[in-house]
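**Student:** Mind having a look at this structure? Questions to follow.
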């Protein structure tokens with residue numbers, strides 16, 4: 001599939017069909033993630049695939065708590081709060097595949113080229129890997145929703161993630177049940193609007 | 001161009017020909033960046049294109065200082081330090097286009113959906129945008145090198161970036177002079193090696 005088509009069709013998806021995700025599709029998408037650029041060739045991306053329905057239910061409960069906390073911040077704007085409450089922001093127990101993503105942080109004495117001025121570069125590499133995974137799934141006719149409304153330290157503990165794995169969210173993966181009429185879901189639901197152009201200054 | 005080809009051919013490039021980058025190529029790549037996912041539809045990516053040769057020379061000097069500092073950390077491993085010194089890690093004054101990238105941080109009272117549990121999600125969105133830019137340039141026959149060995153706060157000040165723009169590095173963009181024999185340059189130069197597979201646990 002053409003790159004331009006993938007970039008345009010990629011959606012943050014929260015509505016999935018019950019169709020399973022073939023292992024080969026997921027494997028190919030993970031290999032695409034693994035081709036991402038990484039600072040100092042660190043390849044810091046780490047994944048935990050969550051297969052236990054009981055664990056997924058715990059993650060959903062954690063999401064709901066965090067979401068309630070977030071919505072309290074909107075108590076002065078009732079219309080906005082109601083719209084927020086109406087949005088479907090996850091598919092934790094309904095998406096066939098759940099993948100928690102982490103960034104392995106180096107030990108203090110470990111030199112990683114390119115990170116001496118900004119340790120966050122490691123997380124940025126993982127974000128690039130997630131974008132590759134996302135594009136590969138899109139090209140293969142599947143979709144992904146990145147859930148960040150979670151107590152991420154709790155997620156790492158609950159999944160017994162190894163030490164030094166910094167949690168970056170939970171990906172819901174499956175066959176999209178809708179393409180949101182070709183727009184981001186948040187635009188479709190009138191939460192926000194995309195701008196036409198990126199913001200570029202010249203110096 | 002096919003997504004898989006782009007993913008495989010994308011390189012962190014530090015060797016460019018003097019060929020200019022047509023405005024249409026850069027514009028298309030920036031539009032690709034602008035199609036990235038963003039937390040809460042925040043589109044937090046901001047760009048400053050650096051056209052002044054004098055400013056580029058200042059950025060190069062800052063890079064050299066930061067690189068010297070980094071190399072001091074390797075003083076106990078002389079072979080590694082020498083190899084590090086031999087690596088070409090930037091093309092700040094030779095790449096035809098220089099683009100500093102920033103993440104616009106929200107004001108304290110500004111609610112952005114999806115960021116309440118992790119403010120870093122905004123930077124992760126910008127990293128996804130950079131990956132899109134990179135893939136689009138690759139598809140168009142151009143290349144990019146992401147330079148992070150800089151005092152990033154200094155960079156923001158020097159470019160008079162607006163307040164609340166968090167600096168994420170400097171991108172060197174142009175026509176690649178080499179494809180490093182189809183490997184990452186750091187692998188080609190024997191600094192490190194890619195692993196075969198991403199690391200996936202199952203819970």
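Since every read-out is calculated from the coordinates, none of them should be taken as a lab result. The model shown is predicted, which means the values in this text are computed figures rather than measured ones. Cβ coordinates were reconstructed from backbone atoms using ideal geometry, including for glycine residues, and neighbour counts include every protein chain displayed.
**Student:** Say a label goes 7 Å from Cα toward Cβ at residue A:72 in every copy; what distances in nm does this one have to the rest, shortest first?
**Tutor:** So the label point of residue A:72 gives 4.7 nm to the other copies.
**Student:** Efficiency by 1/(1 + (r/R0)^6): what FRET value for residue A:183 and residue B:202, r their Cβ-Cβ distance, R0 = 30 Å, to the nearest 0.05?
**Tutor:** 0.30
**Student:** 222 nm [θ] for the protein assembly as shown, helices only, -39500 (n - 2.57) per DSSP H run of 4+, per residue, to 500?
**Tutor:** Roughly -11500 deg cm²/dmol at 222 nm, from the helical runs in the protein assembly as shown.
**Student:** Hey, another quick one. Output the Cα-based Rg and Dmax of the range A:105-172 in Å, rounding Rg to one decimal and Dmax to a whole number.
**Tutor:** Final numbers for Rg and Dmax: 14.3, 43 Å.
**Student:** Hey, another quick one. Can you pull the Kirkwood radius for the range B:65-105, inverse mean 1/r over Cα pairs, to one decimal in Å?
**Tutor:** Computed over the range B:65-105, the radius equals 12.5 Å.
**Student:** Per-residue Cβ counts within 10 Å, from other chains only, averaged over A:27-40: what number is that?
**Tutor:** Mean number of neighbouring Cβ atoms from other chains: 5.
**Student:** Taking every alpha carbon pair in the range B:87-132, what does the distance histogram look like in 10 angstrom bins from 0, in percent?
**Tutor:** 21, 37, 25, 15, 2
**Student:** Please report the equivalent ellipsoid semi-axes of the range A:7-81, computed as sqrt(5 x eigenvalue) of the Cα gyration tensor, largest first, in whole Å.
**Tutor:** Computed over the range A:7-81, the values are 31, 19, 16 Å.
**Student:** So, one more: Please arrange A:166, A:111 by how many other C-beta atoms lie within 10 Å of their C-beta, fewest to most.
**Tutor:** Listing A:166, A:111 from fewest to most nearby Cβ atoms yields A:111, A:166.
**Student:** Another question, then. Determine the shielding of peptide A:122-134 by partner chains: average, over its residues, the number of Cβ atoms on other chains within 10 angstrom of each Cβ.
**Tutor:** 6
**Student:** Would you compute, for the Cα atoms of chain A, the largest minus smallest coordinate along each principal axis and list the three values in descending order, in whole Å?
**Tutor:** Cα extents, longest axis first: 51, 44, 39 Å.
**Student:** Could you grab the relative contact order for chain B? Cα pairs under 8 Å, six or more apart, rounded to a whole percent.
**Tutor:** 37
**Student:** Please report A:93, A:138 as a ranked list, fewest other C-beta atoms within 10 angstrom at the top and most at the bottom.
**Tutor:** A:93, A:138
**Student:** I've got another one for you. Report, to one decimal in Å, the Kirkwood hydrodynamic radius for the range A:129-203 based on all distinct Cα pairs.
**Tutor:** Mean inverse Cα-Cα distance, inverted, gives 15.3 Å.
**Student:** Taking the simple approach of a point 7 Å from Cα along Cα-to-Cβ for both residue B:86 and residue B:109, what is their distance in nm?
**Tutor:** Reported label-point gap for residue B:86 and residue B:109 is 5.9 nm.
**Student:** Tell me the Rg and the Dmax, in Å, that the Cα atoms of the protein assembly as shown produce.
**Tutor:** My reading of the Cα-based Rg and Dmax gives 20.7, 63 Å.
**Student:** Evaluate the distance, in nm, between pseudo-label points positioned 7 Å from the Cα of residue A:71 and of residue B:5 along their respective Cα→Cβ axes.
**Tutor:** A separation of 4.8 nm, rounded to one decimal place.
**Student:** How large is Rg over Rh for the range B:56-138, taking Rg from the Cα atoms and Rh as the Kirkwood inverse mean of 1/r across Cα pairs?
**Tutor:** My calculation of the ratio gives 1.10.
**Student:** Taking each residue in B:46-55, count the Cβ atoms of any other chain within 10 Å of its Cβ, then average. What number comes out?
**Tutor:** 3
**Student:** A follow-up question, please. Quote the FRET efficiency, to the nearest 0.05, computed for residue A:54 versus residue A:119 with a Förster distance R0 of 35 Å and r equal to the Cβ-Cβ distance.
**Tutor:** That gives a FRET efficiency of 0.50.
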